[in-house]
Amino acid sequence: MIILGISAFYHDSAAALIVNGKVVAALEEERFTRIKHDNQFPINAITRLLQITNYTIDDVDVIAYYEKPLLKFERLLETFVTTYPYALRPFLKSIPDWLGSKITVEHIIRKKLHFKKEIMFVPHHLSHAASSFFTSPFTHAAILTIDGVGEYETTGLWSAKNNSLTHLAAINFPHSIGLLYSTFTAFLGFKINEDEYKVMGLAAYGKPTYEDKIRQLIDIKPDGSFYLNTAYFGFVTSFCMWNKKFESLFGTPRKSHEVVKKRHKDLAASLQKITEEILFAMINHLANITKEKNLCMSGGVALNALANGKLYKNTPFRRIHILGSASDSGTAIGAALYVYYNFFGSPISRHEPLASLALGTSPSDEEVERVLSQYSTLTYQKIADEQTLIKKAATLLAQHKIIGWFQGPMEFGPRALGNRSIVAATNPRRMKTKMNIIKHREQFRPFAGSALQETIHEYFEVPQNKHASPFMNFCFNVKKRKQEALAAIVHQDASCRIQTVSQANGRYYRLIQAYAKKTHIDCIMNTSFNLQGEPIVETPRQAIEDFLKTPMDYLIINDNFISKR
């Protein structure tokens, strides 16, 4: 049974291929169009997906789409009717888009793919729930789905047993933590659906002095349910996320080019504190009603790594699974897995956990060499012996050189996990500054650490010695005695977003091992291989172009060691 999962038309368009319940490939459209968070129909992703798996569209039995477009359009109409005439302008502006693509999804799929078999539409939050549970190692779990908005739903509580998902409770639009966070993201001069993690990083530099004012915007119940005071928001009736009443509380919004001031840092800190309070209350309530010790999370808000790292101390859950692609790209996987296990697979069979997100394209040695030969500004050497290559890379990292690391299949989701990464030493602290210059990023933004799984507890205050964070979705405090060794990745609040690296990570694991032998530090700095405003590199040529644009020291693509003339 072959199922093609698709998400499209809002943000992070993607496609995934499921064969007999196993995720065999998944790709995001942005990697091919080079438009970050591209929302177009993922025709490029689907084409490459079929190529790398050696299938054709005729081999696909079912297509699963990640939401119900008519239900979403119904919510738009309902919002227009209840807010008329205030929402007239945004409604009229959105109609051509809806009539052109968003409501005619089935027609578009059939026309672009020439697909004649069944197309199934899975509700948005159900796709999120399925993406988290069916990729987890659990046979039963509680599930929280939380984002901006699906069709109506913004928050969902679920339970799962075997391969059955049960919906327990929901919060609907316009009451949304995702939209609250996005409102402040825009107010602080950043981009919605792209820069929320900047607000999370900025929070470490501020104090929650605006907490009481934010509480005027939202009514939080003891069980974590909440209601937004829509009198302060503009996203229901206008093109702006907030209104003048919002500005009367928080002052003038920051423009993107303006300096980040103390007020902005304090706003970010206050928002993060309120968000964590809601999440902890909601998840504790979910634990009470399900009696579960396993938790799965999905949706854009589930990518708040700072809050995620505190879940073990503030909730009774002992095992937590968050897919690396927890935002809308991951719903392509979720919709396909839901269709498989609920219509074609056995409801009591054990689903297969997704251990790796290396689900994309992988250039051949011939392709890499062909591209390299076209650059007279480069020198390169093929080092076929892996041990020699890794030893050389580890030596350079120990000498504080910064390396572009391009290996194997491209990863799915927003995180580079050792296949499309830029890597560096974790000390001295100036390595952070050097990396931010390469990435063209604000200096307040932190970097993650890739640490060996077996020694993770020696460096970070993790909940268990064997804690695994393979998808880089948790922040934990760095132990005091290790803060100097990890000075370049310790954030202002002593936290660090971590990726645990095991033997399953192959060459990347062996690189960190070799580096640890030279430095006695079992962790390296890891950031995604891209520059500000662009998606993670997909091809060797894109990697080379970024390498040449920046003061990056060396580039390693497969077995090729590359430097600038």
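Read-outs throughout are calculated quantities, based only on the coordinates presented, and are distinct from any laboratory measurement. Bear in mind the structure is a predicted one, so any value in this text is a computation, not a measurement. Glycine gets a Cβ as well: all are built from the backbone with ideal geometry, and neighbour counts include every protein chain shown.
Of note:
- Inter-site label distance for Glu352 and Leu548 at 7 Å from Cα along Cβ, in nm: 4.1
- In order through the range 118-128: 3J(HN,Hα) via Karplus (6.51 cos²θ - 1.76 cosθ + 1.60), integer Hz, x for Gly, Pro: 6, 10, 10, 10, 10, x, 3, 6, 5, 4, 4
- Full-extension gain in nm, Ala494 to Asn243, via 0.36 nm per residue minus C-alpha separation: 86.8 nm
- Among Ala504, Leu396, Ser132 - extreme Cα towards positive end, dipole of the chain, charges at beta-carbon: Leu396
- Using the average count of surrounding beta-carbon atoms within 10 Å as a protection proxy, the listed peptides 287-293, 396-402 rank, highest first, as 396-402, 287-293.
- Ellipsoid semi-axes in whole angstrom, largest first, where each is sqrt(5λ) of the Cα gyration tensor of the chain: 35, 29, 24
- Hull-based mean projected area of the range 177-322, where the convex hull spans the alpha carbons, in square nanometres: 8.7
- Straight-distance candidates among the lysines for linking to Lys382, with alpha-carbon spacing under 20 Å and chain neighbours fewer than 8 residues away dropped: Lys391, Lys392, Lys401, Lys564.
- The range 127-204 and the range 403-482: distance between their alpha carbon centers, rounded to Å: 24
- Two-site FRET efficiency, Gln51 against Glu106, from Cβ-Cβ distance with R₀ of 30 Å, rounded to 0.05: 0.80
- Residues whose amide H lies under 5 Å from that of Val501, counting only those 5 or more places away or on a different chain, are Ala451, Leu452, Gln453; hydrogens are built 1.01 Å from N in the peptide plane.
- The range 365-564 - share of DSSP beta bridges that are antiparallel (%, nearest 5): 75
- Packing, taken as the mean count of other beta carbons within 10 Å per residue, orders the peptides 431-439, 50-58 from highest to lowest as 431-439, 50-58.
- With a Förster radius of 25 Å applied to the C-beta separation of Ser376 and Ile437, the computed FRET efficiency comes to 0.45.
- Simple label model, 7 Å out from Cα along Cβ direction - Thr395 to Lys261, nm: 5.3
- With Cα atoms as the point set, the radius of gyration and Dmax of the range 459-521 evaluate to 12.0, 32 Å.
- You can think of it this way: the chain between Leu531 and Lys518 has 1.7 nm of extra reach, that is 0.36 nm per residue less the Cα-Cα gap.
- Rg followed by Dmax, in Å, when the range 312-442 is reduced to its Cα trace: 20.3, 59
- Kirkwood Rh, Cα atoms: Rg over Rh of the range 365-564: 0.95
- Among beta bridges from DSSP that stay inside the chain, the antiparallel ones total about 70%.
- Note on Thr209 and Asp385: the extension gain reaches 57.7 nm, defined as 0.36 nm multiplied by sequence separation minus the Cα-Cα distance.
- Global geometry of the range 414-513, whether rounded, prolate or oblate, following the gyration tensor of its Cα atoms and the 1.5 cut on a/c: oblate
- Take each peptide in 8-20, 372-384, 472-484, count the other Cβ atoms within 10 Å of every residue, and average; sorted highest first, the result is 8-20, 472-484, 372-384.
- Note on Lys479 and Lys291: their simple-model spin labels are 3.8 nm apart, each label 7 Å out from Cα toward Cβ.
- Its residue count N fixes a reference of 2.2 N^0.38 Å for the range 249-308, and the Cα radius of gyration divided by that reference is 1.53.
- Multiplying each eigenvalue of the alpha-carbon gyration tensor of the range 303-370 by 5 and taking the square root yields semi-axes of 30, 23, 11 Å, largest first, rounded to whole angstroms.
- Converting phi to 3J(HN,Hα) with the Karplus coefficients 6.51, -1.76 and 1.60 and the offset θ = phi - 60°, the range 228-234 yields 7, 7, 5, 5, 9, 10, x Hz in sequence order, with x at every glycine or proline.
- For the chain, calculated [θ]222 nm from helices alone, where every DSSP H run of n ≥ 4 adds -39500 (n - 2.57): -10000 deg cm²/dmol
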